[in-house]
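Data block below; observations after.
None of the figures in this text is laboratory data; all of them are computed from the coordinates on show. Please read these numbers as outputs of a predicted model, since none were measured by experiment. Note that we place each Cβ from the backbone using ideal geometry, even for glycine, and neighbour counts take in every protein chain shown.
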Amino acid sequence: MARALSKLGYCSRSRAFELIEAGRAGVNGRICRDPEAPVRLGRDRLEVDGRPLDRAAKIYLMLNKPRGIVTTASDEKNRQTVYDCLDPSLPWVGPVGRLDKASEGLLLLSNDSEWSARILAPETHLERTYHVQIARIADDGLVAVITQGVRTREGDRLGAKAARILRVGDKNSWLEIVLDEGKNRHIRRMLEALDIEVLRLVRVAIGPLVLGELAKGSSRSLSRAEKLALDRAVS
């Protein structure tokens, strides 16, 4: 039942569990309190709060996430979330992956749970490109270490698919780092293992999709060409 509500694009799987356990969802005119109950999409009639549900139109958004907000629907500490950046009249959409509170840049959101799962599937090795400001002068030796990989304090080996120096200042530098895997806080932990402080971390591309000039805190729908390019990248 919970999976069906998510596939219809009505809400997230976790929110569906809450609605079902609260007795607010039904199948074929009967209240269902079992989130794992089987449902035949296209045949069974699903309801929430007595209102019938139809399959929602698919929505694919890109957001330029500002630094300092969290990638979650609600926060127990009452911090600002990515949903504060969205038009409140939008139907439900969920983040496709995450950016931590201190990171910024390109974040995808969609109500298409199957598409989201394909984008996040590790076997696709979909590239993510980041621009990272660090508190030291970068050189070719550092780039080589990042691409070769380092052992973190937790024992993980983390590296980048590619890295290059974008620009160097008097006390800090900007790097471009490309990942084709997405372990938790991958770049921050990798640089922390080298005793390098991260000053800013901005995701600028996911596969062929580029953040471009989208204003910070703004969102827009993906164009048909952008959506197709992402689909080809993970096919």
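Based on the Cβ-Cβ distance from Arg51 to Val234, what FRET efficiency comes out when R0 is 30 Å, to the nearest 0.05? Walk me through the numbers on the way to the answer.
Working: r = 34 Å, r/R0 = 1.14.
So the FRET efficiency works out to roughly 0.30.
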query = With Cβ to Cβ distances under 10 Å as the rule, what net charge do the other residues near Tyr10 carry (K, R +1; D, E -1)?
reply = +2
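What number results when the radius of gyration of region 98-235, computed over Cα atoms, is divided by 2.2 N^0.38 Å? Let's see the in-between values first.
Working: Rg = 15.5 Å, N = 138, 2.2 N^0.38 = 14.3 Å.
Compared with the compact-globule rule of thumb, region 98-235 sits at 1.08.
Label region 127-206 by shape, choosing from rounded, prolate and oblate, from the square roots a ≥ b ≥ c of the eigenvalues of the Cα gyration tensor; if a/c is under 1.5 it is rounded, and otherwise prolate applies when a/b is larger than b/c, oblate when it is not.
Details: a/c = 1.57, a/b = 1.21, b/c = 1.29.
Oblate, because a/c is 1.5 or more while a/b does not exceed b/c.
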message = Among (1) 39, 17, 17; (2) 25, 22, 19; (3) 33, 19, 15, only one was calculated for this model; which label is it, if the read-out is semi-axes √(5λ) of the Cα gyration tensor in Å?
response = (1)
remark   = For the pair Asp87 and Leu120, the simple spin-label estimate (label points 7 Å beyond Cα toward Cβ) gives in nm 2.5
key: Cα centre as origin, Lys/Arg/Asp/Glu Cβ charges: region 127-206 dipole, Debye   = 200
Cut-off 13 Å between beta-carbons: net charge of the residues surrounding Ser235, Lys and Arg +1, Asp and Glu -1 = +1
ask   = Under a point spin-label approximation (7 Å from Cα along Cα-to-Cβ), what is the Arg151-Arg3 distance to one decimal in nm?
value = 4.1
task = Would you calculate the separation in nanometres between label points at Glu213 and Glu76, each defined as 7 Å from the Cα along the Cα-to-beta-carbon direction?
result = 4.4
inquiry  = Through the Karplus equation 6.51 cos²θ - 1.76 cosθ + 1.60, θ set to phi - 60°, convert the phi angles of region 113-128 into ³J(HN,Hα) values in whole Hz; use x for Gly and Pro.
reply    = 5, 5, 5, 4, 5, 5, 5, 8, 4, x, 6, 6, 6, 5, 6, 10
query = Which of the lysines could a cross-linker span from Lys58 if the Cα-Cα distance has to be under 20 Å and same-chain partners fewer than 8 positions apart are dropped?
reply = Lys7, Lys227
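What do you get when you divide the Cα radius of gyration of region 2-52 by 2.2 N^0.38 Å, with N the number of residues?
Values: Rg = 9.3 Å, N = 51, 2.2 N^0.38 = 9.8 Å.
So the Cα radius of gyration is 0.95 times the expected 2.2 N^0.38 Å.
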query = With charges set only on the Cβ (+1 for Lys and Arg, -1 for Asp and Glu), what does the dipole of region 2-52 come to about its Cα centre, in debye to the nearest 20?
reply = 200
query = How would you classify region 48-163 from its alpha-carbon gyration tensor, with a ≥ b ≥ c the square roots of the eigenvalues: rounded for a/c under 1.5, else prolate if a/b is greater than b/c, otherwise oblate?
reply = prolate
message = Between helix 224-234 and the chain, what is the angle of the helix's C-alpha long axis to the longest principal axis, kept within 0 to 90° and rounded to the nearest 10?
response = 70
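Between the DSSP loop rule and a limit of at most 11 other Cβ atoms within 10 Å, which trypsin sites (Lys or Arg not before Pro) in region 63-130 are left? Walk me through the numbers before you get to the answer.
Working: sites: Arg67, Lys77, Arg79, Arg98, Lys101, Arg118, Arg128; in loops: Arg67, Lys77, Arg79, Arg98, Lys101.
Filter output for region 63-130: Lys77.
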ask   = Label point 7 Å out from Leu194 along Cα-to-Cβ: which residues of region 118-145 have amide N under 12 Å?
value = 132-145
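For Ala102 and Arg24, calculate 0.36 nm times their separation in residues minus their Cα-Cα distance, and state this gained length in nm to one decimal. Don't jump to the answer; show the numbers that get you there.
Details: separation 78, 0.36 × 78 = 28.08 nm, distance 3.64 nm.
Extending this stretch completely gives an extra 24.4 nm.
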query = Which far-off residues, 5 or more places away or on another chain, put their amide H under 5 Å from the one on Ala102, with H placed in the peptide plane?
reply = Gly68
